[in-house]
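Report on one structure; see the data block that follows.
The values are calculated or read from the model by the stated rules, or taken from the named source; none is laboratory data. Model, not experiment: these values are computed from the prediction. Every residue, glycine as well, gets a Cβ built from its backbone with ideal geometry; the counts of neighbours run over all protein chains shown.
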Amino acid sequence: MGYATAPDGVRLYFEEVGSGVPILFIHEFAGDHRAWEPQLAHFGRRRRCITYSARGYPGSDIPEDPESYSQDIARDDALAVLDHLGIEKAHIVGLSMGGFATVHFGFTYPERALSLTIGGCGYGAEPSTREEFQAVALDAAENFETRGAADYAEEYGTAPGREQYQRKDPRGWRAFVDRLAEHSDIGSALTMRGVQARRPGLWDLEEKIRTIQAPAMIVTGDADWRCLAPGIFMKDCIRDARLFVLPDTGHLLNLEEPALFNMVLDDFLAYAEAAEKS
């Protein structure tokens with residue numbers, strides 16, 4: 001465990017386990033560095049696994065300037081962690097908010113990515129859903145700021161796409177909600193406004209997405225309907241891409257179906273590493 005420092009001086013808390021080819025895990029909005037524990041336990045046996053908390057999240061600094069939060073900053077924070085650890089290239093694995101950061105990382109820093117795994121990515125990314133998503137994001141930001149994470153966590157944790165996890169694994173879902181309740185009120189609100197509500201849609205980035213050269217795997221749940229069409233769109237745009245849809249699964253892919261997610265990711269990482277050597 002330790003801290004990486006972003007270009008603007010914000011400290012980012014990270015943890016790592018294992019040795020070998022590195023994997024950088026980037027969490028979703030409702031997660032933090034702890035959200036990837038099933039993956040660290042599995043992949044840490046054979047690879048170097050790094051997970052970190054985004055700015056505004058537990059362990060990391062929580063800047064109170066709204067301009068300290070944006071999609072570009074979130075992308076560059078991932079790079080700051082790799083730079084701090086002296087890692088030239090890594091597999092980049094992100095979920096939801098972290099999935100968007102993974103896409104942006106892929107077309108901005110192509111020389112630093114061994115592969116891209118883009119999970120649960122796409123809510124609000126279609127032109128027809130932009131206004132609705134922004135309204136929902138700003139409402140959530142207001143709730144985090146006024147009610148606080150401790151009060152709002154359970155309501156947020158039952159939003160569409162998360163109820164499958166609650167139904168299939170009540171104990172795991174409760175642990176997820178309890179972690180969310182520990183998040184910073186202001187950090188959550190500013191992240192929702194600056195990173196989520198202001199991020200560009202995927203269709204607006206089509207030309208940039210088509211430049212991605214690293215092998216990519218898009219993963220979504222069949223019950224996470226807001227991410228299905230964006231997943232197909234990215235599959236069509238990226239030259240070396242595969243799409244995997246998890247059955248009876250919502251938004252929290254890696255926690256809801258950890259064994260299946262790990263199996264699919266294992267196969268993809270092996271493919272990407274073989275392609276790197278060829």
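For region 105-141, the tally of residues that are within 16 Å of Ala197 (Cβ to Cβ) and in contact with a Lys or Arg (Cβ under 9 Å, 6 or more places away or on another chain) stands at 11.
Please find, among Phe133, Phe144, the residue that is assigned to a helix (DSSP H, G or I), surrounded by fewer than 23 Cβ atoms within 10 Å (Cβ to Cβ) and aromatic (Phe, Trp, Tyr).
Answer to the selection: Phe133.
Which one is nearest to the chain's Cα centre (by Cα) among residues in region 1-13 that are crowded, with 21+ Cβ neighbours inside 10 Å and within 21 Å of Val103 (Cα to Cα)? Per the criteria, the residue is Leu12.
With respect to Glu145, is the statement that it is over 19 Å from Tyr57 (Cβ atoms) and acidic (Asp, Glu) true? It is false that Glu145 is over 19 Å from Tyr57 (Cβ atoms) and acidic (Asp, Glu).
Criterion applied to Asp266, Asp240, Asp185 was being out of contact with any helix residue (DSSP H, G or I) (no Cβ under 7 Å at 6 or more places or on another chain), surrounded by fewer than 24 Cβ atoms within 10 Å (Cβ to Cβ) and free of Cβ contacts under 8 Å to residues at least 60 places away in the same chain, and the one residue passing it is Asp240. Reported count of residues in region 229-264, each being charged (D, E, K, R) and in a strand (DSSP E or B), is 1.
Within region 20-62, the set of residues being without any contact (Cβ under 8 Å) to a residue 60 or more places away in the chain and touching a Gly at 6+ places or on another chain (Cβ under 9 Å) comprises His33, Leu40, Gly44, Arg45, Arg46, Arg48, Cys49, Tyr52, Ser53, Ser60, Asp61.
Residue count for region 147-162, restricted to those that are assigned to a helix (DSSP H, G or I) and either on the phi > 0 side of the Ramachandran plot or over 19 Å from the mean Cα position of the chain (by Cα) (or both): 6. Within region 38-79, the set of residues being farther than 25 Å from Gly201 by Cβ and either aliphatic (A, V, I, L, M) or under 14 Å from the mean Cα position of the chain (by Cα) (or both) comprises Gln39, Leu40, Ala41, Ile50, Thr51, Tyr52, Ser53, Ile62. Can Leu180 be described as touching a Lys or Arg at 6+ places or on another chain (Cβ under 8 Å), part of a helix (DSSP H, G or I) and in contact (Cβ under 8 Å) with a residue 24 or more places away in the chain? No, not satisfied.
In region 172-189, the count of residues that are under 18 Å from the mean Cα position of the chain (by Cα), modelled with pLDDT under 95 and of a type in the set (Lys, Arg) is zero. When Tyr165 is tested against (1) hydroxyl-bearing (Ser, Thr, Tyr); (2) surrounded by 16 or more Cβ atoms within 10 Å (Cβ to Cβ); (3) under 24 Å from Ala74 (Cα atoms), only condition (3) is not met.
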